[in-house]
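Q: One structure coming up, written as structure tokens, with questions to follow.
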Amino acid sequence: MATTPAFAAPADKPWLDAARTPEQRAELVVAAMTDDEKLKLLQGDTELDANGTGVNACVGHISGIARLGLPRLCMGDGPAGVGNGMKGVTQFPAPVMGAATFDRDLMTAYGKALGAEHAGKGRNVVLAPTINIIRTPKWGRLAETLSEDPYLTAQLGTAITGGIQSLGLIATPKHFAANNQEWLRLGDGPAYEAVDAIVPERALREIYYPGFEAVVKQGKAGSIMCAYNRVNGHYACENPGTLGNLKRWGFDGFVVADWYFAHRSTAPSVKAGLDISMPGGVSPFGFAEFYGVKELKAARARGAITQADIDGMVKRIVTPMFRLGLVDHPIAAADANANVRDPAHLVLSEKIAEEGTVLLRNERGVLPLKAKTIAVIGDDAGANVQTSERYGGFVKTEDVGTLKAPVDAIKAALGDKASVTYARGTLGIAPLPAMPASAFEGLTARYYASPDWKGEPLVTRKEASIDYAEAGPKAGVQGLPSLWSARWTAGFVPPKTGTYRFSLNGGGEIALLIDGKRVVYVPKQSFRLATHGTVWLEAGKRVALQLDYSNAPTLSANELRLGWQAPDRALIDEAVAAAKKAEVAVVFVADHVSEGADRTDLKLPGDQDALVEAVAAANPNTVVVLHTVGPVLMPWRDKVAGILTAWYPGEQAADSIAALLTGKANPSGKLPVTFPADEVNGPADQPARYPGIGTTARYDEGILVGYRWYDAKGIAPLYPFGHGLSYTSFAYSGLKLSKSGDGWSVRATVRNTGKVSGDEVAQLYVSMPAAANEPPRQLKGFARVSLQPGKSATVEFPLDRRALSYWDETAHDWQLAEGSYRVQIGSSSRDLPLGKDFDPAR
Ligand code: BGC
């Protein structure tokens, strides 16, 4: 940021002199602090609701030291706009959609917009970007992170970080390191042992670290968040093996622990490099206050930590505050209800959604829409369009207001060029209506004083239905401890033969079993997501229902509902009738995946696959729009003409998809994550790898993550990494490779050979000599170009030595391999028309 201070430095406060280096200023101010002033900087305090409005802008807060001119730190999420329940903010597309743009400039602009809105709420530390690698498509936070590829992650993570920090805020790339699953993220058992990721050194260096290394080295991030999980036996926030790298990469800022449960100790954390504990105080699981003034003083008195340790921590907290302008240009505390929306941010949100939507399939040129009659189908095409996560740090749709329905935007975009009908087709992904009391035979509830249905029930009683609002079933039961469980049993006589849908909505681990078979399952640690399942039942044939609920170890509210839909083809039949009458059918489908819970399968929830099948059978010109977290299985893929994946696109969902469907905008997104063809042949599709056995997840696939795995094993994915079609076509030619300084430069020409203008993301992949033992190819460059029909452009990719190196686990260092390398350029990881061999040693 700017180096001119907003005020002159008084002689007795030399650290306010912006002419000095951030490091000098940090040292001076540390020397001027009292012991208590220092210690109080090391954990969050509760001075949260500064405005008394009942709404807090800071999910983490550390009071400033007014006498020294140090502002408070006010931290908040999130990844796709200002989250944590803030209103008056822009809902941006999910970051994975941002990654699908492969557009560094757009991600820098996005970082700036994010920074501006956070600052408008009085925050000066943004808890973003999330840059963990997508190791399994089931990861609950897939939408929030960027990619399965370390290079793409590094490039875009750096762009977002730079954007945020250019406005004088601190960015906090997270969660360091190997935070790749929600399963057991907060832990299990009496000690809440979190998952231990056992990751080979080479995989850490080549896959899991590069994003963090880049945001530190190139992005100059002021802060890094350490993760909930363990890495190779040590909790990430007390892990010398992982945290020790930060200093080597030149990090001058602070490490903050993920909220409540990432911080597990006092001295080991201090020694490993954890600077700030958040949010402060005793955690909900009853963990001690590890960085309280009392605990830190005691540890120092025992000699477990030293004064120099504490001074170092404080210095790392204030250095980025000086370097990035938080002290010289303080961001004023603001009303948490302030409206920070900006028309330019809406334009940006829509642009990211347009550029990040990926055209996966377009048979017979079904898109852009030319038809005169179009049937738009799906609950998701209406007011319930899925645009964001509803939990975690995302901007919730209810906090933005009612969003435009895609069907209305499509109608508006086509005007009188086509007639558009709408059919809902499905009840969608929201919780289904509660199963009524009349459906149960003898519903009995048993409440246990243990989290796992052990021991005699504390209370056994008859209940009418399973539909509890916020207070939950626990409210009416005396004497339940904080960890408890319950089991409901009943008979059920199906009134009709057919497919029954059930949904479970609640926090905790919940399973619905019918005749002993699991029909719906909500994994542990879930936030309140509705989870759906279907089962075929015969009329009059009594079945046994059992619902098992355990609240351990969840932080969610206690609400719980068993929802259902008896067999009913009416909605699907209506959709089929509409599809039959139209030239083209566009079906919108969705899922809802979120922080706190991994997916248990890759299917579309509820009856949406059945809906697509039925519509596709009625109309071969069916186009599917996916509003999904990422990969889904698409068993109907070959029966539909077009597929667009639009992720969770933020509040401009309707207008952006209408522009793309109608050809006002030309799709140009590319997949930042492989869409697998099944859920058994992927890199982590083995229980020992994911979700792990006991509390251990073994990353035995090593460096073969994402497309690296599919390429190395010769497995055809549904859609490969980097894939994305356009309404125009591009041709590649003229690959040239030349030495450039210490590295190399690769160039090629991309030409728009089609009839409409469009953007192409040219991708460069490197294949190393066999001796390096690397997967067949790795992304090492990309360039987005906009081309009018008939025009061409030169794309240029710099390649440094590091890009051509592998991590040698014997030398513990990067090495060039001996022999012949190959560079390839093209439009996806599996469409690479240009190639050239070269030997970097010559
Ligand atoms: C998440 C972090 C987030 C923090 C504060 C945690 O549960 O893992 O990503 O920044 O909460 O909201």
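Q: Residue 286 passes all but one of (1) of a type outside the set (A, V, I, L, M, F, W, C); (2) in contact (Cβ under 8 Å) with a residue 12 or more places away in the chain; (3) more than 16 Å from the ligand (Cβ to nearest atom); which number fails?
A: The number of the failed condition is (2).
Q: Further question: Looking at 590, 658, 654, can you tell me which residue is touching a strand residue (DSSP E or B) at 6+ places or on another chain (Cβ under 7 Å) and open to solvent by less than 10 Å² (accessible area, probe 1.4 Å)?
A: On the way: 658 fails: touching a strand residue (DSSP E or B) at 6+ places or on another chain (Cβ under 7 Å); 654 fails: touching a strand residue (DSSP E or B) at 6+ places or on another chain (Cβ under 7 Å).
Checking each option against the conditions leaves just 590.
Q: Among all residue pairs at least 6 apart or on different chains, which show Cβ distances below 9 Å where the first residue, located in the range 229-240, is among the β-branched types (Val, Ile, Thr) and the second is in a helix (DSSP H, G or I)?
A: What qualifies is 231/204; 231/208; 231/241; 231/242.
Q: A follow-up question, please. Out of 550, 594, report the one residue that is hydroxyl-bearing (Ser, Thr, Tyr) and touching a helix residue (DSSP H, G or I) at 6+ places or on another chain (Cβ under 9 Å). Quick ask: steps written out before the conclusion?
A: Values: 550 fails: touching a helix residue (DSSP H, G or I) at 6+ places or on another chain (Cβ under 9 Å).
After applying the criteria, what remains is 594.
Q: Among the residues of the range 136-181, count how many are away from the ligand (no atom under 16 Å from the Cβ), open to solvent by less than 10 Å² (accessible area, probe 1.4 Å) and in a loop (DSSP other than H, G, I, E, B).
A: Total meeting the criteria: 5.
Q: How many residues are within 16 Å of the ligand (Cβ to nearest atom) and either over 16 Å from residue 86 (Cα atoms) or open to solvent by 10 Å² or more (accessible area, probe 1.4 Å) (or both) when one looks only at the range 391-412? Don't jump to the end; show me each part of the working.
A: Just the residues of the range 391-412 that are within 16 Å of the ligand (Cβ to nearest atom), to begin with: 391-396, 399.
Next, from what is left, pick out any that are either over 16 Å from residue 86 (Cα atoms) or open to solvent by 10 Å² or more (accessible area, probe 1.4 Å) (or both): 391-392, 396, 399.
The qualifying residues number 4.
Q: Please pick out the residue among 438, 388, 419 that is within 26 Å of residue 571 (Cβ to Cβ) and within 16 Å of the ligand (Cβ to nearest atom). Give the derivation first.
A: On the way: 438 fails: within 16 Å of the ligand (Cβ to nearest atom); 419 fails: within 16 Å of the ligand (Cβ to nearest atom).
Selected residue: 388, the only one of 438, 388, 419 that is within 26 Å of residue 571 (Cβ to Cβ) and within 16 Å of the ligand (Cβ to nearest atom).
Q: Would you list the strands (runs of 3 or more DSSP E) that sit entirely within the range 413-518 and hold 1 or more residues that are of a type outside the set (Phe, Trp, Tyr), more than 30 Å from residue 381 (Cβ to Cβ) and open to solvent by 20 Å² or more (accessible area, probe 1.4 Å)?
A: Values: elements: 419-423, 441-448, 459-462, 485-492, 498-506, 509-514.
Where strands (runs of 3 or more DSSP E) fall fully within the range 413-518 and carry at least 1 residues being of a type outside the set (Phe, Trp, Tyr), more than 30 Å from residue 381 (Cβ to Cβ) and open to solvent by 20 Å² or more (accessible area, probe 1.4 Å), they are 441-448, 459-462, 485-492, 509-514.
Q: For residue 760, are the conditions met, namely being of a type in the set (Asp, Glu), open to solvent by less than 20 Å² (accessible area, probe 1.4 Å) and outside any loop (DSSP other than H, G, I, E, B)?
A: Details: of a type in the set (Asp, Glu): yes; open to solvent by less than 20 Å² (accessible area, probe 1.4 Å): yes; outside any loop (DSSP other than H, G, I, E, B): yes.
Spelling it out, residue 760 is indeed of a type in the set (Asp, Glu), open to solvent by less than 20 Å² (accessible area, probe 1.4 Å) and outside any loop (DSSP other than H, G, I, E, B).
Q: May I ask you to say which residue of 649, 605, 620, 672 is farther than 26 Å from residue 399 by Cβ and in contact (Cβ under 8 Å) with a residue 60 or more places away in the chain?
A: Details: 649 fails: farther than 26 Å from residue 399 by Cβ; 605 fails: farther than 26 Å from residue 399 by Cβ; 620 fails: in contact (Cβ under 8 Å) with a residue 60 or more places away in the chain.
Among 649, 605, 620, 672, only 672 is farther than 26 Å from residue 399 by Cβ and in contact (Cβ under 8 Å) with a residue 60 or more places away in the chain.
Q: Tell me whether the range 227-238 contains one or more residues that are within 24 Å of residue 326 (Cα to Cα), of a type outside the set (Lys, Arg) and within 16 Å of the ligand (Cβ to nearest atom).
A: Kept after step one, since they are within 24 Å of residue 326 (Cα to Cα), are these residues of the range 227-238: none.
No; the residues of the range 227-238 include none that is within 24 Å of residue 326 (Cα to Cα), of a type outside the set (Lys, Arg) and within 16 Å of the ligand (Cβ to nearest atom).
Q: Would you point out which residue out of 358, 327, 366 is buried (at least 19 other Cβ atoms within 10 Å of the Cβ), within 24 Å of residue 74 (Cβ to Cβ) and touching a residue at least 40 places away in the same chain (Cβ under 8 Å)? It would help to see each step written out before you state the result.
A: Working: 358 fails: within 24 Å of residue 74 (Cβ to Cβ); 366 fails: within 24 Å of residue 74 (Cβ to Cβ).
After applying the criteria, what remains is 327.
Q: Next question. Do we have residue 445 as farther than 26 Å from residue 569 by Cβ and modelled with pLDDT of 95 or more here?
A: Numbers: farther than 26 Å from residue 569 by Cβ: yes; modelled with pLDDT of 95 or more: yes.
Spelling it out, residue 445 is indeed farther than 26 Å from residue 569 by Cβ and modelled with pLDDT of 95 or more.
Q: Is one or more of the residues making up the range 369-386 among the hydrophobic types (A, V, I, L, M, F, W, C), open to solvent by 40 Å² or more (accessible area, probe 1.4 Å) and in a loop (DSSP other than H, G, I, E, B)?
A: So in the range 369-386, the residues among the hydrophobic types (A, V, I, L, M, F, W, C) come out as 369, 371, 374-377, 381, 383, 385.
Checking the rest, the ones that are also open to solvent by 40 Å² or more (accessible area, probe 1.4 Å) come to 383.
Okay, now just the ones that are also in a loop (DSSP other than H, G, I, E, B), so 383.
Within the range 369-386, one or more residues are among the hydrophobic types (A, V, I, L, M, F, W, C), open to solvent by 40 Å² or more (accessible area, probe 1.4 Å) and in a loop (DSSP other than H, G, I, E, B).
Q: Go through the range 689-717 and report how many residues are within 22 Å of residue 187 (Cβ to Cβ) and not in a loop (DSSP other than H, G, I, E, B).
A: Within the range 689-717, the subset within 22 Å of residue 187 (Cβ to Cβ) is 689-699.
Narrowing further to those that are not in a loop (DSSP other than H, G, I, E, B): 693, 696-698.
So the answer is 4.
Q: In the range 675-699, which residues are open to solvent by 10 Å² or more (accessible area, probe 1.4 Å) and touching a strand residue (DSSP E or B) at 6+ places or on another chain (Cβ under 8 Å)?
A: Those that are open to solvent by 10 Å² or more (accessible area, probe 1.4 Å) and touching a strand residue (DSSP E or B) at 6+ places or on another chain (Cβ under 8 Å): 687, 688, 689, 690, 691, 692, 695, 696, 698.
Q: In this structure, is residue 564 closer than 24 Å to residue 531 by Cα, aromatic (Phe, Trp, Tyr) and surrounded by fewer than 24 Cβ atoms within 10 Å (Cβ to Cβ)?
A: Working: closer than 24 Å to residue 531 by Cα: yes; aromatic (Phe, Trp, Tyr): yes; surrounded by fewer than 24 Cβ atoms within 10 Å (Cβ to Cβ): yes.
Yes: the conditions hold for residue 564.
Q: Sticking with this one: Among residues belonging to the range 101-123 that are hydrophobic (A, V, I, L, M, F, W, C) and within 20 Å of the chain's Cα centre (by Cα), point out the one that is most open to solvent (accessible area, probe 1.4 Å).
A: Keep residues of the range 101-123 that are hydrophobic (A, V, I, L, M, F, W, C), which gives 102, 106-107, 109, 113-114, 116, 119.
Now narrow it down to the ones that are within 20 Å of the chain's Cα centre (by Cα): 102, 106-107, 109, 113-114.
Numbers: 102: 2, 106: 10, 107: 2, 109: 38, 113: 4, 114: 2 Å².
It comes out as 109.
Q: So residue 704 passes all but one of these: (1) open to solvent by 20 Å² or more (accessible area, probe 1.4 Å); (2) not assigned by TED's automatic domain parsing to the domain that holds residue 363. Which condition number does it fail?
A: (2)
Q: Still on this structure, I have one more. Does the range 170-177 include one or more residues that are touching a Phe, Trp or Tyr at 6+ places or on another chain (Cβ under 8 Å) and under 26 Å from residue 602 (Cβ atoms)? Let's see the steps before the verdict.
A: Within the range 170-177, the subset touching a Phe, Trp or Tyr at 6+ places or on another chain (Cβ under 8 Å) is 173, 175-177.
Still in the running and under 26 Å from residue 602 (Cβ atoms): 175, 177.
Among the residues of the range 170-177, at least one is touching a Phe, Trp or Tyr at 6+ places or on another chain (Cβ under 8 Å) and under 26 Å from residue 602 (Cβ atoms), which makes the answer yes.
Q: All but one of (1) closer than 28 Å to residue 350 by Cα; (2) among the small types (Gly, Ala, Ser); (3) surrounded by 24 or more Cβ atoms within 10 Å (Cβ to Cβ) hold for residue 606, so report the exception by its number.
A: (1)
The values are calculated or read from the model by the stated rules, or taken from the named source; none is laboratory data. Source: prediction; values computed, not measured. Note that each Cβ is placed from the backbone with ideal geometry, even for glycine, and that neighbours are counted across all protein chains shown. These accessible areas exclude ligands, DNA and RNA; they are computed on the full protein's heavy atoms, side chains included. Shrake-Rupley method; radii C 1.70, N 1.55, O 1.52, S 1.80 Å.
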